[in-house]
Amino acid sequence: MDTDLTYNIVEELLTGKIDGVWISAHVVSGGRAGTKTRGAVNPFLANNPFATGVKLTKKRPGGPLVLGRYRLRTHESRASWIRLLPFAENHMRGRDGFAIHGRGPRGSDGCLVPTDFTVVQLLYLLVKEREAAGAPAPTLAVVAIGDLDTIERRLDQLSRTV
């Protein structure tokens, strides 16, 4: 299945091309990653592909974006936000409401948060141009792929927080 963009949770990397424009960006997801609030990130949930089923509660942030494929659409009421609409075959684990947006006080409870806001602005513009042209929505594949060194580094980071 071809997609325009791929987000690798393990590598925290969004890559791909929309209408000839190459995207390569550091992106975080889940556990309040991307927050501007000091000390708020839950290091066990942030960017942990094994926590994609963790839902937001009053006591705990949500895990990262669920693996699968999504269509991108501009948000109907929030400027510079892009909705992530899951394909029917995704196993969403009761989670929904995902988007791509910039950093803020809350950060991510499953949304994708590029650490550089110009990436959010560029993606929003590209999606909006597709919509205006009546073209099919850009697509995103969310994967969890990493080499042993990356996985060991992640496990080491987690063990220091427990």
* Build a GNM of the chain with springs between Cα atoms under 10 Å: which of Thr115, Thr37, Thr52 gets the top mean-square fluctuation? -> Thr37
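How big is the Cα convex hull of the stretch 63-104 in projection, averaged over all directions, in nm²? Kindly include the intermediate steps, with their values, before the conclusion.
Values: hull surface 13.7 nm².
Computed as one quarter of the Cα hull surface, the answer is 3.4 nm².
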* **Accessible area, probe 1.4 Å, largest first, for residues Val41, Val28** => Val41, Val28
* To do: Convert each backbone phi in the stretch 66-76 into a coupling constant with the Karplus relation 6.51 cos²θ - 1.76 cosθ + 1.60 (shift: θ = phi - 60°), then list the ³J(HN,Hα) values in order as whole Hz, x for Gly and Pro.
  => 5, 4, x, 10, 9, 9, 9, 9, 5, 5, 6
* Which of the lysines could a cross-linker span from Lys17 if the Cα-Cα distance has to be under 26 Å and same-chain partners fewer than 8 positions apart are dropped? -> Lys128
* Structure fact -> With every protein chain in place, the accessible area of Phe117 for a 1.4 Å probe, in Å² rounded to the nearest 10, comes to 90
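Please give the per residue accessible area of the chain, computed with a probe of 1.4 Å over protein heavy atoms only, in Å².
Working: 8710 Å² over 162 residues.
That works out to 54 Å² per residue.
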* Phi to ³J(HN,Hα) by Karplus 6.51 cos²θ - 1.76 cosθ + 1.60 over the stretch 30-37, Hz, x for Gly, Pro -> x, x, 6, 4, x, 5, 9, 8
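So what's the chain giving for Rg/Rh, alpha carbon basis, Kirkwood Rh from the mean inverse pair distance? Working shown, then result.
Working: Rg = 15.1 Å, Rh = 15.8 Å.
Result: Rg/Rh = 0.96.
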* Asked: How far apart, in nm, are the 7 Å Cα→Cβ label points at Ser77 and Glu131?
  -> 1.5
* Residue order for Tyr124, Tyr7 - accessible surface, 1.4 angstrom probe, largest first -> Tyr124, Tyr7
* Asked: GNM on the chain, C-alpha springs below 10 Å: top fluctuator among Lys59, Lys36, Lys128?
  -> Lys59
* Mind giving me the nanometre distance, one decimal, between the label points for His26 and Gln121, set 7 Å out from Cα along Cα→Cβ? => 1.9
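Round to a whole number: what % of the accessible area of the stretch 1-82 belongs to carbon and sulfur, probe 1.4 Å?
Working: 2210 of 4270 Å².
Exposed carbon and sulfur together represent 52 percent of the surface.
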* Structure fact -> The aspartates and glutamates whose Cα lies under 15 Å from the Cα of Lys36, excluding any fewer than 8 residues away in the same chain, are Asp109, Asp116
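Just to be sure I understand: if I project the alpha-carbon convex hull of the stretch 1-92 onto a plane and average over all orientations, what area do I get in nm²? Provide the component values of the computation, followed by the final result.
Numbers: hull surface 29.4 nm².
With the hull built on Cα positions only, its mean projection is 7.3 nm².
The values are calculated or read from the model by the stated rules, or taken from the named source; none is laboratory data. Keep in mind that what you see is a predicted model, and the values were worked out from it rather than measured. Don't worry about glycine lacking a Cβ; one is built from the backbone with ideal geometry, like all the others, and counts go over all protein chains shown. Note: accessible area is taken over every heavy atom of the protein model, side chains too, but ligands, DNA and RNA are not part of it. Shrake-Rupley method; radii C 1.70, N 1.55, O 1.52, S 1.80 Å.
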